[in-house]
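J.: Starting off with a structure, shown below.
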Amino acid sequence: MKILHTEASGGWGGQELRILAEMQGLRDRGHVLELAAPAAARIHTEAAALGFRTHDVPIGRKTFAGLGAMRRLLEREHFDVINTHSSTDSWMVALANALRRQPVPMVRTRHISAPVHRNTATRWLYNRASAAIVTTGEKLRRELIDHNGFTDVAIRSVPTGIPPERFGPADPVASRLKLGLPQRPTIGILATLRSWKGHRFLIEAFAALRAQGQDLQLLIVGDGPQMPTLQAQVAAAGLGDSVRFTGHDPRPERWLRAMDVFVLPSYANEGVPQALMQAMMSGLPCITTEVGAIGEIAKDGETALLVKPQDSAALAATLNRLLGDAALRDRLGAQARDFALRNCTLAAMCDAMEEVLGTVVQPATPSSRA
């Protein structure tokens, strides 16, 4: 198949990383993968660096220029299927298709749990303009069916896949030594620094534990718009000597290996977070919330411990419990790793996406390839 992925967003996080991982996985299976995105978007640069053919299309906003550029791309390149990922690029592809005699099948991937509008235009986009819909969690799939009534199109949940050979258990003491970190019990989070990821509540919980006299350190792995705000919070709490902001690292597994406990206190918008899956695949004991589709992989007391969103006191208490119970940490980490190996591998994601995309591809005809 010749597959075009589109992305309107200029951001950088789990969504963009999943797109690139999927593109690489399907390229390895013999398919041709290309990307359409604004040249200024980071994913455009990253995809080109990975050897993919990229197309500079101004689809960051809904404009006639973007629509025209998308239509010309589809007329010129003859793709078998298009996989869209954000709202704006989905609309641009759908409308460009509507203007063509032979539309290209469009698969709409929905990565987050933010509500979808219930209006006539959106029903057309999902129910009519899309050949299939993919969500990153079963809860998101049910929401589109039960709440939005999208019943005229096939919808499949395909969680993000993690390569087990890259993310695996490690000795945190040796890992901290390699990174030049102090040998203290280490709490960590890996996430784009957005407000709804809940970093603020983790810092508050960490400050409470430090105030009790616990000699701990906190790793905040990632970058994003909340960086200045979070750094100011850490400074105001006098935690500068025990909190490390790593910024973005293309090898986040290095930092996961140095952690004793992983925390993701999200309070909105989540599908099944890629970082949480990476931590589970790494065999880390995890604390998180039941937001979005997180509960599909984080089973309280089995593969993780769950806390109420935006509750730093509850988070501090759960951290205190987990840090004080080595047997519980070992059990949660082992069960998380086992679950991830059975349900969350990169190969499983590529199997599912290959099937979805292949199902909607129209048989080639001489006129369609002319």
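J.: With (1) surrounded by fewer than 16 Cβ atoms within 10 Å (Cβ to Cβ); (2) of a type outside the set (A, V, I, L, M, F, W, C); (3) assigned to a helix (DSSP H, G or I) as the list, and residue 318 as the residue in question, which single condition is left unmet?
T.: With respect to (1) surrounded by fewer than 16 Cβ atoms within 10 Å (Cβ to Cβ); (2) of a type outside the set (A, V, I, L, M, F, W, C); (3) assigned to a helix (DSSP H, G or I), residue 318 is out only on (1).
J.: Something else about it: So, of the residues in the stretch 1-52 that are within 18 Å of the chain's Cα centre (by Cα) and of a type in the set (S, T, N, Q), which turns out to be surrounded by the most Cβ atoms within 10 Å (Cβ to Cβ)?
T.: The extreme case among them is 6.
Conditions (1) in contact (Cβ under 8 Å) with a residue 24 or more places away in the chain; (2) touching a Lys or Arg at 6+ places or on another chain (Cβ under 7 Å); (3) surrounded by fewer than 17 Cβ atoms within 10 Å (Cβ to Cβ), marked per residue:
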| site | (1), (2), (3) |
| --- | --- |
| 197 | yes, no, no |
| 202 | yes, no, no |
| 206 | yes, no, no |
| 213 | no, no, yes |
| 221 | yes, no, no |
| 226 | yes, yes, no |
| 231 | no, no, yes |
| 241 | no, no, yes |
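J.: Any idea how many residues of the stretch 255-270 are among the acidic types (Asp, Glu) and under 21 Å from residue 216 (Cβ atoms)?
T.: Number satisfying all stated conditions: 1.
J.: Filter the stretch 157-172 down to the residues that are surrounded by 13 or more Cβ atoms within 10 Å (Cβ to Cβ) and either over 24 Å from residue 349 (Cβ atoms) or in contact with a strand residue (DSSP E or B) (Cβ under 8 Å, 6 or more places away or on another chain) (or both) and list them by number.
T.: Within the stretch 157-172, 157, 158, 161, 162, 163, 164, 172 meet the criteria.
J.: Does the stretch 300-313 contain at least one residue that is of a type in the set (D, E, K, R) and farther than 25 Å from residue 207 by Cα?
T.: yes
No value in this document is a laboratory result; all are computed from the given coordinates. These numbers were taken from a predicted model, which means no experiment stands behind them. In this analysis, Cβ positions are derived from the backbone assuming ideal geometry, glycine residues included, and neighbour counts consider all displayed protein chains.
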